[in-house]
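Chemist: Input: one structure, supplied below.
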Amino acid sequence: MSKPVLRVQDLAVTFTSFTGGLLHRRERQLRAVDGINFELHAGETLGVVGESGSGKSTLARAVLGLIKPGRGRVMWNGEELTGMDEEELRQKRKELQIVFQDPVASLNPRMTAGDIIAEPLWTFYPNMARLQVEERTRGMMKVVGLLPNQINRYPHEFSGGQCQRIGIARSLVLNPRLLICDEPVSALDVSIQAQIINLLKDLQKKLGLALIFIAHDLSVVRHISDRVMVMYMGQAMEVSDKTNLYRRPLHPYTNALMKSVAIPDPKLAAAARKDSWLTGDMPSPYSRPRGCIFHNRCPFKVKRCEADVPALRRMEDGDWVACHRAEELDLSIGVPASG
Amino acid sequence: MPLLSVSNLAVEFETAEGAVKAVNGMTFDIHEGETLAIVGESGSGKSQLVLSFMGLLAENGSVSGEARFRGEDLLQMKPKELNRIRGRHIAMIFQDPMTSLNPFLSIEKQMMEVVMHHQGLRRDEARAHAVEMLRAVRIPDPEERIKQYPHEYSGGMRQRVMIAIGLLCAPDLLIADEPSTALDVTVQAQITELVSELRKKTKMSLVLITHDLSAVAEIADRIIVMYAGEAVETGTVDEIFYSPQHPYTRGLIASVPRLDRVSDDELHAIPGNPPNLLALPLGCSFRDRCTEAKEQCFERPPLWRGESGRTSRCIQGVEGGELVTESPAGGEG
């Protein structure tokens, strides 16, 4: 197997905040990302799934060097990004790009679609000929399914799905090798979401991109991922091959996320509801439960889970899970899942 | 008599680029204890429809038609009369629980205000009632949590607080506009469960507005599918999910990614984009995106009604249904 292009080792991000006012000033530590490891090959997609506050967006920003990690390393094609200074990192960003969640809010409303897409070119290649920039911009628009004659239109003249296409074109215009998509479809109509997912999948195949696709919904990442990492409170609960994960999740939290997905069928939906059990909210990040961080919401917990922290360990088929009871629990889904 | 009877309702906005018809001749009833889902994409008019009879349209908007609540036309009411109905008899929950709550006021204050104003309860009564409602929507430790401010609640809890506020005056009709869209799937599932529980306990009628058909599969009695300001299909929840007649409805159902099925390589998407109301195509407004469009679709599609009362506006008709004759104005003749 080829060497991975991205290697993330023990990555951790901690935010510090202060409470209590001047006299009783107290420092609080929030472990947003807490020891994440993974590798990614060219042409491969890692889905990252978890609830709000699970640290998935912070992980993305730390990988790109937009947030300085407190611990750990990010290796990109053998070079350590985490050790680079601002200017070196800036140059590397040509290869590492991100697409944001809210397609409308992330575009400058006073710039035309063409200017938005071309801006990275002006920034990195200020001497590029105007004609060449325009040609490349029009080409990008075609690639993402926009009409080149829409080049002079403003964001408000586009629908949400089209705005996300503009965002994707902008992030691809520098010909990056890694693309991180941070909830790229959750602000879109369900009817449009599939267009964007299919587009990203298509582009990845064509361009051989390494892709990290972040979502809070397991159903959304299924079609695009090769492997899926499930995060909870900054930690990886499970990292599994897609086929395995959707057939038989190893971690109770993965199982809970799967059961939360609504089914467009009245009878099946009612039956599925009876079967779901995830209650309560994620605990406050300032008061992390002892032992397994998921134990207070887990119906399968035993005494041990309240005391011992389960390590992320490798199972026989190569998948990773952080649960004491992974071997004995059978969380298989009743439906055969193909690739 | 239906609780709410909407007939031939139309909403128009004056914009710099011209008049925009956001809602175009909607007619429907909501009965007591019934849950009606209004489903459509951005720009389909589903929110404006509801905002119009709640008197909450933006300033450049105007509404025509009728919306009779227990026989009284909401559209003819003076603001003072409408205020008596809103909150007390009809309550509304919006999509974003963070922007709907006042960040400077404690939850306690925001909840007590509502009941003291509408029901004239004393402070202690109002507080007890508010705590009870928080308990009903399963906020843990409500006596303590009620003193907190919105930022101290998680997104899911805030939405539950919004539902509790909506329920405070025991309204006859609760309207929820995308109540769980901005939330995690796990919280969406919890909100769905909460709503279906409340529905069983009370006689309250419910209107749910959403772009995601799967979100209402379990809780709706009837569904209206809207496209470009019009109802393209209406029917019971079983009719819509198990025998959808309109190509757009079929597209909406197919576009939901499912985990309970073997997956295909390609996800199903409805091609194209939600319609631009300023430049609707002639004839059927869904024509450009419809994979089953024919030459006839360049003319306005007919309205069909099935035996059960279900309707579809498409040349394909409704199984065993008949054509509805319409007056040129757009309403039913």
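Nothing in this text is a laboratory measurement; each read-out follows from the coordinates by a stated rule. Nothing here was measured: the structure is a model prediction, and the numbers come from that model. Every residue, glycine as well, gets a Cβ built from its backbone with ideal geometry; the counts of neighbours run over all protein chains shown.
Chemist: With n ≥ 4 as the cut-off for DSSP H runs, can you work out [θ] at 222 nm for chain A, using -39500 (n - 2.57) per run divided by the number of residues, rounded to the nearest 500? Let's see the in-between values first.
Modeler: Working: 11 runs with 105 residues, N = 339.
Only helices count here, giving -9000 deg cm²/dmol.
Chemist: Oh, and also: Rounding to the nearest 10 and keeping the result within 0 to 90°, find how far the Cα-based axis of helix A:190-207 lies from the longest principal axis of chain A.
Modeler: 70 degrees
Chemist: Averaged across the residues of B:212-225, what count of C-beta atoms belonging to other chains lies within 10 Å of each residue's C-beta?
Modeler: 4
Chemist: Based on the Cβ-Cβ distance of residue A:24 and residue A:66, what FRET efficiency does E = 1/(1 + (r/R0)^6) give at R0 = 45 Å, to the nearest 0.05? Walk me through the numbers before you get to the answer.
Modeler: Details: r = 33 Å, r/R0 = 0.73.
E(calc), rounded to 0.05, equals 0.85.
Chemist: Hey, another quick one. Counting C-alpha atoms alone, how compact is the protein assembly as shown: give Rg to one decimal and Dmax as a whole number, in angstrom.
Modeler: When restricted to the Cα atoms of the protein assembly as shown, Rg and Dmax are 26.1, 78 Å.
Chemist: Let me ask another. For a quick size check, give me the Cα extents of chain A along its three principal axes, largest first, whole Å.
Modeler: Result for chain A: principal-axis Cα extents of 68, 58, 47 Å.
Chemist: By how many degrees, between 0 and 90 and to the nearest 10, does the Cα long axis of helix B:123-136 differ from the longest principal axis of chain B?
Modeler: Orientation of helix B:123-136: about 50 degrees from the principal axis.
Chemist: Something else about it: What's the local net charge at residue B:272, with K and R +1, D and E -1, over the other residues with C-beta under 15 Å away? Kindly include the intermediate steps, with their values, before the conclusion.
Modeler: Details: positive: A:165, B:287, B:289; negative: A:189, B:41, B:288, B:292.
Charge balance in the 15 Å sphere: -1.
Chemist: In square nanometres, what is the average projected area of the Cα convex hull of the stretch A:113-173? Please report the intermediate quantities before stating the final value.
Modeler: On the way: hull surface 14.4 nm².
It is 3.6 nm².
Chemist: Along the Cα-to-C-beta direction of residue B:324, a point sits 7 Å from the Cα; which residues of the stretch B:9-25 have their amide N less than 15 Å from that point?
Modeler: What the label zone holds, given the 15 Å backbone N cut-off, is B:9-10, B:24-25.
Chemist: Could you let me know the centre-to-centre spacing of the stretch B:103-169 and the stretch A:205-248, using Cα atoms, in angstrom?
Modeler: Answer, in whole Å: 38.
Chemist: Okay, moving on. Taking the Cα-to-Cβ direction at residue B:202 and at residue A:80 and moving 7 Å from each Cα, how far apart do the two end points lie in nm?
Modeler: It works out to 6.0 nm between the two label points.
Chemist: Hey, if you drop one equal point scatterer on each alpha-carbon of the stretch B:31-71 and run the Debye formula without solvent, what base-10 log of I(q)/I(0) do you get at q = 0.19, 0.29 Å⁻¹?
Modeler: Log10 I(q)/I(0), no solvent term: -0.71, -1.15.
Chemist: If the limit is 25 Å between Cα atoms, which of A:94/A:242; A:68/A:301; A:267/B:201; B:78/B:203; A:142/B:294; B:46/B:109 go over it?
Modeler: Too far apart for the 25 Å limit: A:94/A:242; A:68/A:301; B:78/B:203; A:142/B:294; B:46/B:109.
Chemist: Let's test this: bin the Cα-Cα distances of chain B at 10 Å from zero up to the farthest pair and state each bin's percent.
Modeler: 5, 24, 32, 24, 11, 3, 0
Chemist: Based solely on its DSSP helices, what 222 nm [θ] is calculated for chain B when runs of n ≥ 4 H residues each add -39,500 (n - 2.57) and the sum is averaged over all residues, nearest 500 deg cm²/dmol? If you can, show how the numbers build up before the last one.
Modeler: Values: 10 runs with 94 residues, N = 333.
Taken over chain B, the calculation gives -8000 deg cm²/dmol.
Chemist: For A:252-263, what's the mean count of beta carbons from other chains sitting within 10 Å of each residue's beta carbon? Don't skip to the answer; put the middle values down first.
Modeler: Working: counts 0, 1, 0, 0, 3, 5, 3, 5, 9, 10, 15, 8.
Taking all residues of A:252-263 together, the mean is 5.
Chemist: Sticking with this structure for a sec: Quick one: work out the % antiparallel among DSSP beta bridges in the protein assembly as shown, nearest 5.
Modeler: Taking every DSSP beta bridge with both residues in the protein assembly as shown, the antiparallel ones total about 65 percent.
Chemist: List the relative contact order of chain A as a percent without decimals, with contacts defined as Cα pairs under 8 Å and 6+ residues apart.
Modeler: So the answer I get is 19 percent.
Chemist: Here is a further query. How large are Rg and Dmax for the stretch A:203-269 when calculated on the C-alpha trace, in angstrom?
Modeler: 13.3, 42
Chemist: A follow-up question, please. In degrees, nearest 10, range 0 to 90: what is the angle between the Cα axis of helix B:185-201 and the longest Cα principal axis of chain B?
Modeler: Long axis of B:185-201 versus the principal axis of chain B: about 80 degrees.
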